[in-house]
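Working notes, beginning with the structure itself.
The values are calculated or read from the model by the stated rules, or taken from the named source; none is laboratory data. For clarity, every value in this text was computed on a predicted model and none was experimentally measured. In this analysis, Cβ positions are derived from the backbone assuming ideal geometry, glycine residues included, and neighbour counts consider all displayed protein chains.
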Amino acid sequence: MCAVITGLSIHRYKSFHPTTAPPIHFEAITPPQPVFLYGINGAGKSAIGEVIQGLAGKEAEFAHCSLQTSNNADYRILVYNQRFVDKVIRTAEGVPGIFTIGVQDAAIQAEIEEKQAEAEKLEGQSAALDAKIQQTIDAGKAVREIAITGAWKAHSDHDQGPFRDLMKGFHSDRQKFFEELDTCTVADDVELDGLDRLKQRLADANSTESSQHTISLDLTGLAIVEADAIWGEAIAVSATSRLAPLIEKWGNSDWVGQGRKFTHDPECPFCQQHLPPGFAEDLALLLDGDRQSKLDRVQSLSDTYAQRVAEIEVAAKTMLEQTFSKEEPGLEQAWDLFHAQIKANAASMVSKIEKPGESIVLEASDAEGLAKAIATVNERITQFNLRVADRAAERDRIKTMFWQVMRRERAPVYDTYKAGKDPLVEVLRKDKEQKAETTKALTAVAARLKELRRVQSGVAASVDKINSRLARMGIASYSIARKAGEGNLYCLARPGQAEGDMTSLSEGEKTLISFLYYLECLGGSDTAEAGAVDLGRTIAVIDDPISSLSHNFVFDIASIIHGELIKPEDGTPRPRQVIVLTHNLFFLHEILRQTIGGSDLAKASKKCQLLRVVKSEHTKVVPMKAAELMNDYQALWQVLRDARDSNMPAIMVPNAMRCILEHFFWFTHQEDKFKEALKKVGDEDATFAPLARYLDRGSHKDGINITVMDFNQYDLNYYFTKFQAVFVAAGFGDHYSANMGVTEEPSAA
């Protein structure tokens, strides 16, 4: 079941009590009945519609008030009031007579003007950003050109040397060279070959040489000789010889031993004196035995060491003549040091042979430096062998390292470039982001402007329907027309009006146009984005739809509300609930009569709910019976009396006359006499026919006779004369006289 409003709680708003919310109850009956609220101006009637509208829109201002619905179900509430009129009809700024129609279109012109100003501002920002971006780009190009020139020096330095081919493809494009070189960055701790080494490697890779053997030098046999303890021993003569004390005293055992080989005669080889008997035996006893064996060992070790030195010298000579050995100066230096060391040891050994009685100290040969130098050469040989094993891969490795060497050499250029570029890049990034945002915003504004000019939100169709209704209501004095070339701008088109001669809308025209548009909104959304609406789930709240309207339209509006909203034709959708608020008794009586379906006010409680909005100190809503409208009958006569006495506009008279006739004859059940009286007066005066049709409720049902009648063709005297004549013709002349305060009956004319 769709929801209906069953109650309202209002306080702290306008004339309602500031703290207490008097209950406002709407009956929840199936099918729902229309609710009519009557209140004089200032009673607080419009405040009720505003609260309903505010609560439906979830406006914070009305959060302290509440609205109750049956079953707490969803509902769609559309309120017609002055706020709706102001939203629907909006005059274009600075252009009197030009207006927009519709809740959305009412804001379109303002939004178009706003968006156009916004677009101009964004376009200015975009142009400024374009100039700034171009300036930054130009500055970046200048910084880059300086860096390209600096990096190109690396190419110039090696363009004519052995490395030229390693830069193939980059000889004519400086920018390409700059970008490629920047990709060859290596960490500072990465070891790179020098240019000379790279040149040698490149020569190896380009050569036709085969692989080389590694070098070696056999140094075995030296250390064991050098370490023998005999070298530190003083070899002495034998103590068993009688010569021993003398030799020991003189300390010349080595000299005696050397002279032994000269003892061929009995004379001494040194002094040529005759040797004593047994001297040879004593000498042999002195020098032979253990001493001799030690001397023999010294001689043997010395010979062995000398032989190894000679062998090593031969091998070293061969080693040093090897190509890679020649390229390693450290190898020859290491050999010279080692060679001098072993040569010195060999000489010391010879000295030991000559003077065995003296101890010598040999320096252990240190081959560590020589071994390292040999290892260095062998590493180069190994690398060479690898290179010549895959020359193409080696050339690629050389090329890579060469570019890395150039990049490291040009590092200051790139560092300077980066230092100059990075701030520009950051500025450019921010500017481009801002440009993108500005472009996006401008695109959105342009799209919105396009949409604002394109989207009609159903207004164009609604305008056609409004014009059709105006025509059916007999309004030929104006219609609504789209202003050529101005999107959703409209103006009133009046017969005989020159193009461009526009006048502003009157308040009455605004009311009528906005109410007719409201009827269109009930059956469809007033925005392009919303989908279809369900009229059966819609609650229509209408506050004074006849405000500022001529009374000529009171009955038309009442008929429209009843015929289209309260009781439409079978099969036609209708709102779930209709709530009408008014201060106009004529209008209330008319819509009540149509709802009841006659003049029997006793049926009112079965067809609708009547409420009265009253105000003493604060506003409250109380039930009202239809019979109470009888008390307002005299108010209608007062309108005529005031008009007669020039205290009321004459335009009020026809409507008051019709209401009085309808009240009197329907309440007295004299409808037939009323029609006969109209016919009788009309037969006597043909000019009465239009007024008769207006006064006759039956002829009003076609919705035309109200507006085609020109009230200005009659004066007040004519109205009163014919009005009295109708009462007289029906036999109730005294009733007219009593209420108007006259005694004389008018003639039939």
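Please find, within region 50-60, the residue that is surrounded by the fewest Cβ atoms within 10 Å (Cβ to Cβ) out of those that are touching a residue at least 12 places away in the same chain (Cβ under 8 Å) and more than 17 Å from residue 25 (Cβ to Cβ). Going through the qualifying residues, I end up with 56. Look at region 71-86: where a residue is farther than 17 Å from residue 535 by Cβ and a partner is exposed (fewer than 15 other Cβ atoms within 10 Å of the Cβ), sitting 6+ places away or on another chain with Cβ atoms under 7 Å, you get 71/1. Number of residues in region 324-367 that are in a helix (DSSP H, G or I) and of a type in the set (Val, Ile, Thr) equals 3. Among the criteria (1) touching a Leu at 6+ places or on another chain (Cβ under 9 Å); (2) modelled with pLDDT under 85, the one residue 353 does not fulfil is (2).
Matching residues to (1) farther than 30 Å from residue 232 by Cα; (2) free of Cβ contacts under 8 Å to residues at least 24 places away in the same chain:
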{"position": "323", "(1), (2)": "yes, no"}
{"position": "329", "(1), (2)": "yes, yes"}
{"position": "335", "(1), (2)": "no, no"}
{"position": "340", "(1), (2)": "no, yes"}
{"position": "345", "(1), (2)": "no, no"}
{"position": "348", "(1), (2)": "no, no"}
{"position": "355", "(1), (2)": "no, no"}
{"position": "359", "(1), (2)": "no, no"}
{"position": "367", "(1), (2)": "no, no"}
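Please work out if residue 558 is part of a loop (DSSP other than H, G, I, E, B) and either modelled with pLDDT under 85 or assigned by TED's automatic domain parsing to the domain that holds residue 78 (or both). It is false that residue 558 is part of a loop (DSSP other than H, G, I, E, B) and either modelled with pLDDT under 85 or assigned by TED's automatic domain parsing to the domain that holds residue 78 (or both). For region 303-344, the set of residues classified as under 28 Å from residue 199 (Cβ atoms) and in contact with an Asp or Glu (Cβ under 8 Å, 6 or more places away or on another chain) consists of 320, 325, listed by residue number. Return a yes/no flag: does region 499-512 have any residue that is modelled with pLDDT under 85 and aliphatic (A, V, I, L, M). For region 499-512, residues modelled with pLDDT under 85 and aliphatic (A, V, I, L, M): present.
Each residue in region 231-250 was checked for being more than 28 Å from residue 370 (Cα to Cα) and modelled with pLDDT of 75 or more, and 3 of them qualify.
Which ones in region 533-565 are charged (D, E, K, R) and touching a strand residue (DSSP E or B) at 6+ places or on another chain (Cβ under 8 Å)? Spell out how you get there, then give the answer.
Pass one, region 533-565, residues charged (D, E, K, R): 534, 537, 543-544, 556, 564.
Result: 534, 537, 543, 544.
Looking only at region 186-195, count how many residues are surrounded by 14 or more Cβ atoms within 10 Å (Cβ to Cβ) and under 19 Å from residue 153 (Cα atoms). So the answer is 1.
Filtering region 204-220 to residues that are farther than 13 Å from residue 383 by Cα and either at pLDDT 90 or above or not in a loop (DSSP other than H, G, I, E, B) (or both) leaves 206, 215, 216, 217, 218, 219, 220. Selection of first residues in region 387-415 that are in contact (Cβ under 8 Å) with a residue 60 or more places away in the chain and of second residues that are among the β-branched types (Val, Ile, Thr) and part of a helix (DSSP H, G or I), restricted to Cβ pairs under 8 Å at least 6 apart or on distinct chains, gives the following pairs, ordered by first then second residue: 394/388. Scanning region 16-44 for residues that are touching a Ser or Thr at 6+ places or on another chain (Cβ under 9 Å), of a type in the set (A, V, I, L, M, F, W, C) and either in a loop (DSSP other than H, G, I, E, B) or without any contact (Cβ under 8 Å) to a residue 24 or more places away in the chain (or both) gives 16, 21, 26, 28, 43. Of all residues in region 12-28, exactly one satisfies the criterion of being touching a Lys or Arg at 6+ places or on another chain (Cβ under 9 Å), surrounded by fewer than 14 Cβ atoms within 10 Å (Cβ to Cβ) and polar (S, T, N, Q), namely 19.
When residue 731 is tested against (1) of a type outside the set (Asp, Glu); (2) in a helix (DSSP H, G or I); (3) modelled with pLDDT of 90 or more, only condition (2) is not met.
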